[in-house]
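Just below is one structure, and these are the notes that go with it.
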Amino acid sequence: MVAHVVPSIHTTSDPTYQTALHQYDRAVSYLNLPDGLVEFMKWPRRELTVNFPVRLDSGETQIFTGFRVHHNTVLGPSKGGIRYSTHVNLDEVRALAMWMSWKCALVNLPYGGAKGGVIVDPRAHSLMELSNLTRRFTSELIILIGPKIDIPAPDMGTNAQTMAWMMDTYSMTVGYSVPAVVTGKPINIGGSAGREEATGRGVIVCMLEALRQQNVIKSPKDISVIVQGFGNVGSNAAQRAYDLGFKVVAVSDISGGYYNKNGLNIRDMRDYLTKSPTKSLEGYRGAEKVTNAELLELPCDVLIPAALEGQLTGENASRVRAKLIVEGANGPTMPEADDIFRDRGIMVVPDILANAGGVTVSYFEWVQGLQEFFWDEDEVYRRLERILIRAFDDVTATAERYNVDLRTAAQITAINRVAQATLTRGFYP
Ligand code: NAD
């Protein structure tokens, strides 16, 4: 195979995409793969940018921009979330789609990787405006999505309601109900038990595995945990840690960080959030207020970044006091921070392993929907745990074999699976 000349579109100044490409280059350097195959797996298969109008409550019309990227579809239909955020851009979506390819391969799901997003602040819009936006965006994506083509799910700024609107719009277009076109739906229209909690729960499964591997024998109440982000992933991870008796000493969201060295009452904080008019922890009493930057540097045993990309950097990594980092978010650690953590002996359980619980239960939801046969929560969690622990073992075995950190090991494992499947299929024509 002959490597092609990389088009200029593939040079990027976006730090998230730079991180994803850097991680890829590092991982493939350990694999003896043909150059053409390495190039093929590096770049997105197809991308769609859409500009579309949405009628606002005021009667005015606003134009929004959205994206959907299919990174790799060798292992099956593509899978990945839809993000609503003002920070969304095409390069970020490319990075997230690439990570989805590796994540699905790592946990052995029959999926490729995709991601989508719309440049919008969902907190600034009414339910009706969000419904209008989601429905029009779905209809713009209809040429790319489908239960056997590409299956969206929630991500930052979207939730089960967003998926219900997407599923309904798709179904209205084709003329019959197609629950399997999205995952992360409400249970009453074909969602899976446990999907809402799955990503956060999976983060804690990985945390427990990592503590076991580090031979930590302290009881949970003596192990302090900090969680950045209190949305789907962060609040469910915090809740699960709290329920298991760990001391969650700090959490944060867009409104800042909340710290109590004796431990926070996570249940109380979640109740507060559901009633909050600002949809944030703003005004929560019962904790000392800290900034999001300070939160990352507080003393703790385990740090769970579960908000945004690029939080742990070459600048702050040397001040992080956690002994273990479990990545709930996608891409929270920059490559320079990875190097510092490796030198300091801080274990990082990488995103594509630590937050794979979400896509795993999304897969369960898709399978249950296609079979129209639904499992109870215990069954979902039992299967989830088995898959994540097996993936964790695969990653640690690869880390030992190549003498690399867990992130590089996870990527080597996943990329090699996609590579071998590609070689087995061969290139068309
Ligand atoms: P979410 O929208 O439910 O929650 C995001 C949280 O981050 C909110 O609490 C928000 O207030 C907070 N936040 C936003 N800006 C912040 C800032 N500057 N500092 C601190 N906190 C801030 O999103 P989510 O679904 O929980 O996703 C969080 C991360 O997890 C993303 O990286 C996402 O890609 C990743 N992820 C999500 C899932 C899933 O199933 N939802 C699965 C895998 C990975």
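Looking at (1) open to solvent by less than 40 Å² (accessible area, probe 1.4 Å); (2) under 30 Å from ARG386 (Cα atoms); (3) within 11 Å of the ligand (Cβ to nearest atom), which is the one condition that is false for LEU295? For LEU295, the exception is condition (2). Taken over region 164-178, the criterion of being buried (at least 22 other Cβ atoms within 10 Å of the Cβ) and either on the phi > 0 side of the Ramachandran plot or without any contact (Cβ under 8 Å) to a residue 24 or more places away in the chain (or both) is satisfied by MET167 alone. Name the single residue that is farthest from the ligand (Cβ to nearest atom) among those in region 73-95 being under 18 Å from THR360 (Cα atoms) and open to solvent by less than 10 Å² (accessible area, probe 1.4 Å). Only one residue fits best here, namely SER78.
Among the residues of region 330-354, just one is open to solvent by 10 Å² or more (accessible area, probe 1.4 Å) and within 12 Å of the ligand (Cβ to nearest atom), namely ASN330. The set of residues in region 398-409 that are in a helix (DSSP H, G or I) and in contact with a strand residue (DSSP E or B) (Cβ under 9 Å, 6 or more places away or on another chain) comprises LEU406, ARG407. Residues that are β-branched (Val, Ile, Thr) and under 12 Å from the mean Cα position of the chain (by Cα) within region 55-92 comprise just one, ILE82.
Filter region 217-266 down to residues that are within 16 Å of the ligand (Cβ to nearest atom) and among the polar types (S, T, N, Q), then give me how many there are. Summing the residues that are within 16 Å of the ligand (Cβ to nearest atom) and among the polar types (S, T, N, Q) in region 217-266 gives 7. Restricting attention to region 162-180, and to residues there that are part of a helix (DSSP H, G or I) and of a type in the set (Ser, Thr, Tyr), which single residue is nearest to the chain's Cα centre (by Cα)? Restricting to residues being part of a helix (DSSP H, G or I) and of a type in the set (Ser, Thr, Tyr), the top hit is THR162.
Quick one: in region 125-161, of everything that is part of a helix (DSSP H, G or I), open to solvent by less than 10 Å² (accessible area, probe 1.4 Å) and in contact (Cβ under 8 Å) with a residue 60 or more places away in the chain, which residue is farthest from the ligand (Cβ to nearest atom)?
Filtering region 125-161 for residues that are part of a helix (DSSP H, G or I), open to solvent by less than 10 Å² (accessible area, probe 1.4 Å) and in contact (Cβ under 8 Å) with a residue 60 or more places away in the chain, the one farthest from the ligand (Cβ to nearest atom) comes out as LEU141.
In region 298-320, of all residues being open to solvent by less than 10 Å² (accessible area, probe 1.4 Å) and in contact with a Gly (Cβ under 7 Å, 6 or more places away or on another chain), the one that is farthest from LEU211 (Cα to Cα) corresponds to PRO305. Test LEU75 against the criterion of being within 23 Å of ASP394 (Cβ to Cβ), aliphatic (A, V, I, L, M) and not in a helix (DSSP H, G or I), and give yes or no. The answer is yes for LEU75. For beta carbons closer than 8 Å, sequence separation of 6+ or different chains, a first residue in region 191-218 that is within 24 Å of GLN371 (Cα to Cα) and a second that is acidic (Asp, Glu) and surrounded by fewer than 22 Cβ atoms within 10 Å (Cβ to Cβ), the qualifying pairs are ALA193/ASP376; ALA193/GLU377; GLY194/GLU377. Filtered by the rule that a residue be open to solvent by less than 50 Å² (accessible area, probe 1.4 Å) and over 19 Å from the mean Cα position of the chain (by Cα), region 381-394 gives a lone residue, ASP394.
Residue pairs whose Cβ atoms lie under 8 Å apart, sitting 6 or more positions apart in sequence or on different chains, and linking a residue in region 385-404 that is under 16 Å from VAL326 (Cα atoms) to a partner that is polar (S, T, N, Q), are LEU388/THR360; ALA391/ASN108; VAL395/THR413; THR396/GLN213.
Among the listed residues THR183, THR199, THR169, THR134, which satisfies the condition of being within 17 Å of GLY328 (Cα to Cα) and among the hydroxyl-bearing types (Ser, Thr, Tyr)?
THR199
The values are calculated or read from the model by the stated rules, or taken from the named source; none is laboratory data. If you're wondering where the values come from, they're calculated on a predicted model, not measured in any experiment. Virtual Cβ from ideal backbone geometry, glycine too; neighbours counted across all protein chains shown. Only protein heavy atoms, including side chains, enter the accessible area calculation; ligands, DNA and RNA are left aside. Shrake-Rupley method; radii C 1.70, N 1.55, O 1.52, S 1.80 Å.
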